[in-house]
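Enquirer: Below you will find the structure I want to go over with you.
The values are calculated or read from the model by the stated rules, or taken from the named source; none is laboratory data. Since we're looking at a predicted model, the values are computed, not measured. Methodologically, a virtual Cβ is constructed for each residue, glycine included, from the backbone with ideal geometry; neighbour enumeration extends over all protein chains shown.
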Ligand code: SF4
Ligand code: SF4
């Protein structure tokens, strides 16, 4: 990587604490447009953990549906067009019942891939559309590198669940006919898995420097393409891999997510039930918000500011970052004028002239943004982080990208 001004990732150990079970969860029903599905979901309906609510959406708890409501996710591009998505609120029962569709298979490597993939799909861990797709995979990349400087999820799963991860590498070897399975580790943690990986010959270790944005999938794939055949690769995190082994061995669907939370008191790693409300998680950390405090879902560099804490922790949330106004931590981005310092261009890992692109987007010249390659942007946020004018560069990028999608 030729760029300078990269940010160091944290590599201190951060134990994962078990969050108490929530009293209620909120589950977004992504893609919930089918009227027939809508009629099936009724208030008062009991659900069990791992039960499919609509195709592709599974209940993460056992309980009773309390209501169906609109939810405004922080990434509005992910909503139903008006920025909202339908969600179900479920009151959690004291006794948990696991879906019988996720049976445990202690000797899972003796089962046929097609059977295992079906089980993983029922466990909310679908890797691929079907067994035919997974057969064509040439390289599997499994990453233990976190994707934000204030995040300890993948690295801590590797520390605490190393044996599950190694078993998971054997699982993906069994499921695919990949020529290589590559475990990407931050350099400081390579020693944890060196012996185990040496013993499993087709598995390769790919150490990366603990610098942001080295752990972003887009950067890894770009850099690794010089070494491996990635025409048809599969990218997984160690957390998803360990969860897959747990699903197959113990019959436990993917219902828990590790999340790093950082506020002025420091950082904590929790394992939380997916669907837990953000406000409940903040209360657990005793992080009580005041007016003008800022909550960012997804980390300070790449995340989205959220204005409502009655939203759920979903399976893709790795970190939450709280900036406190009274500690002077709140960073605001504005439409300030660009002073042509060129810092954003110097740090951009995909070589975009973002100083120009952002101005085109600002003045709704979206075609120009696309001519200059805005879709190549990986939204790493480095440009905005280093901009001395505090311009909202990532927002300009997202605006231009969404504009393109809306017109397609
Ligand atoms: S957010 Fe996009 S434009 Fe900005 S530095 Fe990252 S890749 Fe480059
Ligand atoms: S870093 Fe900010 S001020 Fe400097 S050129 Fe880029 S957009 Fe303009």
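Enquirer: Name every residue in region 172-195 that is part of a helix (DSSP H, G or I) and surrounded by 14 or more Cβ atoms within 10 Å (Cβ to Cβ), in order of residue number. Write out each step before concluding.
Expert: To start, the set of residues in region 172-195 that are part of a helix (DSSP H, G or I) comprises 172-175, 187-195.
Answer for region 172-195, where residues must be part of a helix (DSSP H, G or I) and surrounded by 14 or more Cβ atoms within 10 Å (Cβ to Cβ): 172, 173, 174, 175, 187, 188, 189, 190, 192, 193.
Enquirer: Helices (runs of 4 or more DSSP H) wholly in region 83-171 with at least 3 residues that are over 21 Å from the mean Cα position of the chain (by Cα) - which ones?
Expert: Numbers: elements: 113-122, 131-135, 153-160.
Helices (runs of 4 or more DSSP H) meeting the threshold: 113-122, 131-135.
Enquirer: Need the failing condition index for residue 301 against (1) within 13 Å of ligand 1 (Cβ to nearest atom); (2) under 24 Å from the mean Cα position of the chain (by Cα); (3) modelled with pLDDT of 90 or more, just the number.
Expert: Unmet for residue 301, out of (1) within 13 Å of ligand 1 (Cβ to nearest atom); (2) under 24 Å from the mean Cα position of the chain (by Cα); (3) modelled with pLDDT of 90 or more: (3).
Enquirer: Separate question: Please state which of the following conditions residue 335 fails to meet, knowing it meets all the rest: (1) within 8 Å of ligand 2 (Cβ to nearest atom); (2) over 25 Å from residue 221 (Cβ atoms); (3) without any contact (Cβ under 8 Å) to a residue 60 or more places away in the chain.
Expert: Result: residue 335 fails condition (1) only.
Enquirer: Just to check your reading of the model, which residue among 88, 142, 102 is surrounded by 15 or more Cβ atoms within 10 Å (Cβ to Cβ), modelled with pLDDT of 90 or more and in contact with a helix residue (DSSP H, G or I) (Cβ under 7 Å, 6 or more places away or on another chain)? Give the steps one after another, and end with the answer.
Expert: Working: 88 fails: in contact with a helix residue (DSSP H, G or I) (Cβ under 7 Å, 6 or more places away or on another chain); 102 fails: modelled with pLDDT of 90 or more.
Every option except 142 fails the conditions.
Enquirer: Follow-up question, since we're still on this one. So for region 277-286 (the condition being surrounded by 23 or more Cβ atoms within 10 Å (Cβ to Cβ) and either over 26 Å from residue 380 (Cβ atoms) or modelled with pLDDT under 95 (or both)), does at least one residue qualify?
Expert: There is no residue in region 277-286 that is surrounded by 23 or more Cβ atoms within 10 Å (Cβ to Cβ) and either over 26 Å from residue 380 (Cβ atoms) or modelled with pLDDT under 95 (or both).
Enquirer: Also, quick follow-up: Report, ordered by the first and then the second residue, all pairs with beta carbons closer than 6 Å, sequence separation of six or more or different chains, a first member in region 393-404 that is assigned by TED's automatic domain parsing to the domain that holds residue 353, and a second member that is modelled with pLDDT under 90 and away from ligand 2 (no atom under 16 Å from the Cβ).
Expert: From region 393-404, the pairs are 402/77.
Enquirer: Sticking with this one: Tell me, please, whether a residue that is touching a residue at least 12 places away in the same chain (Cβ under 8 Å) and out of contact with any strand residue (DSSP E or B) (no Cβ under 9 Å at 6 or more places or on another chain) can be found in region 137-153.
Expert: So far as region 137-153 goes, no, none of its residues is touching a residue at least 12 places away in the same chain (Cβ under 8 Å) and out of contact with any strand residue (DSSP E or B) (no Cβ under 9 Å at 6 or more places or on another chain).
Enquirer: Search region 358-382 for residues being in contact (Cβ under 8 Å) with a residue 40 or more places away in the chain and within 15 Å of residue 347 (Cα to Cα), and hand back the single one that is nearest to ligand 2 (Cβ to nearest atom).
Expert: 382
Enquirer: Checking residue 400 against (1) loosely packed, with under 14 Cβ neighbours inside 10 Å; (2) more than 18 Å from residue 300 (Cβ to Cβ): exactly one of these is not met. Which one?
Expert: (1)
Enquirer: Still on this model: Looking for something outside any loop (DSSP other than H, G, I, E, B), under 28 Å from the mean Cα position of the chain (by Cα), more than 16 Å from ligand 1 (Cβ to nearest atom) and farther than 28 Å from residue 30 by Cβ - is there at least one such residue anywhere in region 310-317? Spell out how you get there, then give the answer.
Expert: First pass over region 310-317, keeping only residues outside any loop (DSSP other than H, G, I, E, B): 312.
Then drop every residue that is not under 28 Å from the mean Cα position of the chain (by Cα), which leaves 312.
Of the ones still in play, those that are also more than 16 Å from ligand 1 (Cβ to nearest atom) are 312.
Going one step further and asking which of them are farther than 28 Å from residue 30 by Cβ, we end up with none.
Checking region 310-317: not a single residue is outside any loop (DSSP other than H, G, I, E, B), under 28 Å from the mean Cα position of the chain (by Cα), more than 16 Å from ligand 1 (Cβ to nearest atom) and farther than 28 Å from residue 30 by Cβ.
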